[in-house]
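Written out below as structure tokens is the structure these notes cover.
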Protein chains: 2
Amino acid sequence: MEKQHGPWAVKSRELKYKNPWIEVREDKVTAPDGTPGLFGIIKIKDGVSVLAIDDENYAYLTKEFHYAIGRDSIEVASGGIESDETPLEAAKRELKEELGIEAQEWVDLGVTDPLTTFVEKNTFLFLARKLKFGVAKKDSHEIIAPVKMKLDAAIEMIMKDEITHGASCVTIFKAKQYLDSR
Amino acid sequence: MEKQHGPWAVKSRELKYKNPWIEVREDKVTAPDGTPGLFGIIKIKDGVSVLAIDDENYAYLTKEFHYAIGRDSIEVASGGIESDETPLEAAKRELKEELGIEAQEWVDLGVTDPLTTFVEKNTFLFLARKLKFGVAKKDSHEIIAPVKMKLDAAIEMIMKDEITHGASCVTIFKAKQYLDSR
């Protein structure tokens, strides 16, 4: 094979690692200037991030140990999209599972690419309003603490690096921008 | 070995793939509820993202084909941190290489974790002010077009999914928040 991928010519593709969530392949390429090179590309299951905000402008977030960064991270409800789900269905499921929240109003906040050079993964962003509070239905291995704060306090936490998860930061800022512009 | 990693017990670690930019390892673990499992963890070289804004509030971004997502992406100047560099040194180098811009004033906008469960990578964020314009010094394989727009237009592009790269979105929103609060 020799296939064009934008300005790169792909000479070969080889699967290097695979588990149910990620797939790593290596592409041997020719760079736009003609030099040979390689890319290790990671495909991660697409995901959703959902920010629930109530009528008094309180935001509902999660605090959980995240494996790769090895510490607790405050994030909006987030998770992978199952193969039989739409992004919105996954968002509803994650919000219910992680925080026990259902919502009557769903706002599509678009999409973010957490990384663009080595990682292929879309994260779909939502704002949930008109909330109904119930009981969380976590996976048995998840230890998630709910975190409630005013939306402006969440922005402050981003500015102080107390919220660093990319998709959570983008969801919070987009929600604020959306609500302010209405 | 058996090592505790937050609520997870790590039974073994195995390197599965490595190139100069990424490293993939597989951890066999015991979940907090006692069930066995595995994590594929990707370590990607730490990076920087820099937004340059001039005295008239014009922002300077880049447009380039990004390999993993397979399309052109509008992003702030971004790249990996070399082993002999501090994040600030990498930010200065990337801004000069990609856009030919030097800056007298540098604002530390903190850090983002693009992903937190499967990927370990920090991206350090900067705002560059008091700009001096020169000639870009790209790597020979980089084909980068400069993109100039008002800061508010960049926010609008994020809202319309025309800018989706996570660290770029976070840098742009943080820069706006920083400038508005002064």
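Since every read-out is calculated from the coordinates, none of them should be taken as a lab result. For clarity, every value in this text was computed on a predicted model and none was experimentally measured. Glycine also receives a Cβ, built like all others from the backbone with ideal geometry; neighbour counts cover every protein chain displayed.
Note on B:Ala153 and A:Asp72: the model spin-label points, each 7 Å out from Cα along the C-beta direction, lie 4.4 nm apart. Taking 0.36 nm per residue of separation and subtracting the current Cα-Cα distance, fully stretching the chain between A:Glu2 and A:Thr35 would add 10.4 nm. Rank A:Phe65, A:Ser168, A:Gln104 by how far each Cα sits towards the positive end of the charge dipole of the protein assembly as shown (+1 on Lys, Arg Cβ; -1 on Asp, Glu Cβ) and give me just the farthest. Sorting the options by dipole projection puts first A:Phe65. In the calculated pair distance distribution of chain B, what percentage of Cα-Cα distances lie above 30 Å? Of all Cα-Cα pairs in chain B, 28 percent lie more than 30 Å apart. The value of relative contact order for chain B, using C-alpha pairs under 8 Å at least six residues apart, is 21 percent.
Determine by what factor the alpha-carbon radius of gyration of region A:77-139 differs from 2.2 N^0.38 Å, reporting the quotient.
1.19
Taking the label point 7 Å along Cα→Cβ, B:Ala153 and its counterparts in the other copies are spaced 3.9 nm apart, in ascending order. Across the identical copies, the 7 Å label point of B:Asn57, projected outward along Cα→Cβ, sits 2.2 nm from its counterparts, in ascending order. Straight-line cross-link partners of A:Lys18 among the aspartates and glutamates, defined as a Cα under 16 Å from its Cα and at least 8 positions apart when in the same chain: A:Glu26, A:Asp27, A:Asp46, A:Glu120, B:Glu14, B:Glu23, B:Glu26, B:Asp27. Using a simple spin-label model with pseudo-atoms 7 Å out from Cα toward Cβ, A:Glu56 and B:Lys18 lie 5.4 nm apart. Remark on B:Thr117: its backbone amide H falls under 5 Å from those of A:Ala68, a criterion applied only to residues 5 or more positions apart or on other chains, H modelled at 1.01 Å from N. Hey, what angle do you get for helix B:166-180 against the long axis of chain B, alpha-carbon based, 0 to 90 degrees rounded to 10? Roughly 50 degrees between the two axes. In this structure, the residue pairs whose Cα-Cα separation is over 20 Å, taken from A:Lys92/A:Lys160; B:Lys92/B:Lys150; A:Lys28/B:Lys63; A:Lys43/B:Lys43; A:Lys45/B:Lys3; A:Lys16/B:Lys43, are A:Lys92/A:Lys160; B:Lys92/B:Lys150; A:Lys28/B:Lys63; A:Lys45/B:Lys3.
Report note on the peptides B:21-28, A:17-24, B:114-121: ranked by the mean count of other C-beta atoms within 10 Å, highest first, their order is B:114-121, B:21-28, A:17-24. Scanning residues 5 or more positions from A:Asp46 or on other chains, those with amide H under 5 Å from its amide H are A:Ile81, A:Asn122, with H placed 1.01 Å from N in the peptide plane.
The Cβ shell under 10 Å around A:Asp55 holds other residues with a net charge of 0, Lys and Arg each +1, Asp and Glu each -1.
For region A:57-182, a crude dipole built from +1 on the beta carbon of Lys and Arg and -1 on the beta carbon of Asp and Glu, taken about the Cα centre, is about 500 debye to the nearest 20.
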